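The values are calculated or read from the model by the stated rules, or taken from the named source; none is laboratory data. Note that this is a predicted model, so its numbers are computed, not measured. Cβ coordinates were reconstructed from backbone atoms using ideal geometry, including for glycine residues, and neighbour counts include every protein chain displayed.
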Amino acid sequence: MSLPRLNAATLAQVSGATIPAYPRNGEPGVLHLGLGAFTRAHQAMVFDRLLAQGDGRWGMHGIGMTQPRLVQHLREQDGLYAVRVADAQGLRWQVPGALWHLNVAATEREAVLQAMAGRALRWITLTVTEKGYTPELGSLLAQGLRLRQAQGGAGLTIASCDNLQGNGDKLRALVLAACQESSLRDWVDSACAFPCSMVDRIVPASSELIRGEADAALGLHDETALGTEGFWEWVLEDRLADPSDAAVLAAAGVKITGQVHVYEAAKLRMLTGSHSAMALMGAITGRRFIADCIGAPPIQAFVRRLMEREVAPHLARQDWPAYRDALIQRFGNPHLRHSVHQIATDSSLKIPQRWPPSVLGQLQTGAGIDHHALAAAAWLRYGLGHDEKGQPYEIQDPNAERLRQLAADQRHAPEAAVQALLAQADWWGDQLPALPDWQQRVRHWHRLILSRGMDGAVEQLLQDIP
């Protein structure tokens with residue numbers, strides 16, 4: 001027998017989850033571009049906390065950029081969905097209520113522009129992924145802000161929450177470049193704030209398994225249920241259109257600081273840098289999830305040493321040992337089922353931010369680079385498109401064809417393949433491709449991956465470099 005659908009009419013029937021007890025019929029104060037899983041399990045839950053405290057300014061207008069199916073499901077559920085939070089204390093379910101209005105930018109552009117001009121709107125937040133910062137995004141925001149200015153609206157805090165270094169500065173430059181009138185440029189520059197930020201929470205994509213668990217827990221069907229971890233961080237630059245928002249957000253657990261880059265660099269190089277390495281190793285060895293990777297003692301030792309030996313020496317985050325230990329524990333959370341192929345998606349856009357700064361830092365001090373070199377060699381092996389058992393996988397990357405071409409002849413001409421991979425300046429920067437020590441170590445570990453397999457190469461590294 002099919003279950004009733006989770007929505008406003010059935011919400012009171014939920015018994016196995018925390019549900020919103022505040023009114024959800026006001027005008028949203030936040031418009032969010034990029035309504036994926038991460039936002040719904042991160043920022044939306046922060047705003048839910050503020051709404052539950054009686055501050056009704058934080059309701060969300062969620063904009064799916066190109067995902068009409070997700071938006072339609074959420075519309076059918078009145079913006080309600082279940083989140084399973086799993087940590088060392090156990091499992092708990094929550095139905096956040098912060099999502100009030102919904103649209104799709106690709107098909108409902110005028111509604112999105114009108115929402116940007118809304119009188120109650122105070123914030124625009126974005127999670128459009130690293131590849132989403134295009135002239136089209138700048139144009140969308142500039143048009144909405146032009147309408148807002150024309151209607152006499154107040155300035156906004158416009159906060160990128162994507163994994164881009166200096167994300168607020170990049171977003172500000174993108175929007176100003178799209179403002180065709182000098183009067184609009186001046187207004188945006190003076191009235192709007194573009195804080196840099198860093199967000200951190202592991203949120204796997206929704207799956208049939210988590211949807212089934214949500215149905216059992218709630219007694220209602222939720223087509224959009226998510227699972228996440230207990231840990232979360234939101235580090236936000238103290239540069240807001242309404243400065244009083246800083247204290248409000250800080251009371252909800254957001255870190256407000258003038259040093260976002262310190263946390264940003266630690267996350268990019270320790271968390272996401274390790275994630276990329278494990279995702280490639282997992283794909284090559286046929287492991288499906290990050291927890292499977294970190295659960296293998298040699299890979300766990302590799303990841304721990306990667307962080308503490310080659311990444312941490314170049315970070316300003318003082319509590320990095322505690323952060324490292326928390327990451328190892330988080331990676332091993334068996335409830336998350338974070339797909340290695342999901343994390344490996346768009347590697348050619350992610351790796352340039354995550355690995356080269358640490359490698360250059362090590363080379364400049366004469367320290368070892370073998371952990372990153374092995375990871376780079378694994379990326380080349382990943383380009384073959386099949387694991388060590390012969391099972392094919394799809395390479396989801398805007399540069400997938402280039403990677404496949406670079407990887408195609410690596411078994412017959414391994415040194416040439418490594419040289420071709422490392423010559424890609426848009427992946428490695430201007431300095432690394434010319435450094436012989438880097439090339440030599442990548443070639444060494446690539447040979448071992450081909451001859452001994454991925455796990456064998458990792459074990460050899462641990463043995464050779466105690």
So which residues in the stretch 365-400 are among the hydroxyl-bearing types (Ser, Thr, Tyr) and crowded, with 21+ Cβ neighbours inside 10 Å, if there are any at all? 382
Where residue 26 falls short, out of the listed (1) without any contact (Cβ under 8 Å) to a residue 60 or more places away in the chain; (2) closer than 25 Å to residue 111 by Cα; (3) surrounded by fewer than 16 Cβ atoms within 10 Å (Cβ to Cβ): (1)
Any hit, the stretch 272-292, residues being surrounded by fewer than 22 Cβ atoms within 10 Å (Cβ to Cβ), in a helix (DSSP H, G or I), of a type in the set (A, V, I, L, M) and not assigned by TED's automatic domain parsing to the domain that holds residue 44: yes
Within the stretch 14-36, is there a residue that is at pLDDT 95 or above and in a helix (DSSP H, G or I)? no
How many residues does the stretch 62-86 hold that are touching a residue at least 12 places away in the same chain (Cβ under 8 Å) and either in a helix (DSSP H, G or I) or acidic (Asp, Glu) (or both)? 8
Here are 455, 437: which of them is of a type in the set (Asp, Glu), closer than 22 Å to residue 297 by Cα and either surrounded by fewer than 17 Cβ atoms within 10 Å (Cβ to Cβ) or in contact (Cβ under 8 Å) with a residue 60 or more places away in the chain (or both)? 455
The stretch 115-136 - residue that is under 18 Å from the mean Cα position of the chain (by Cα) and in a helix (DSSP H, G or I) and, of those, farthest from residue 239 (Cα to Cα): 131
Is it the case that some residue within the stretch 239-256 is in the same structural domain as residue 169 (by TED's automatic domain parsing), more than 24 Å from the chain's Cα centre (by Cα), assigned to a loop (DSSP other than H, G, I, E, B) and among the polar types (S, T, N, Q)? yes
In this structure, is residue 384 in a helix (DSSP H, G or I) and farther than 30 Å from residue 212 by Cβ? no
For the stretch 400-425, name all the residues that are part of a helix (DSSP H, G or I) and within 28 Å of the chain's Cα centre (by Cα). 400, 401, 402, 403, 404, 405, 406, 407, 421, 422, 425
In the set 214, 205, 177, the lone residue that is more than 16 Å from the chain's Cα centre (by Cα) and surrounded by fewer than 21 Cβ atoms within 10 Å (Cβ to Cβ) is 177
Please go through the stretch 113-172 and give me each residue that is in contact (Cβ under 8 Å) with a residue 60 or more places away in the chain and farther than 30 Å from residue 263 by Cβ, ordered by number. 115, 118, 119, 120
Pick from the stretch 401-434, criterion of a type in the set (Gly, Ala, Ser) and surrounded by fewer than 17 Cβ atoms within 10 Å (Cβ to Cβ), ranking: farthest from residue 354 (Cα to Cα): 413
Can you tell me which residues in the stretch 332-342 are modelled with pLDDT under 95 and assigned to a helix (DSSP H, G or I)? 342
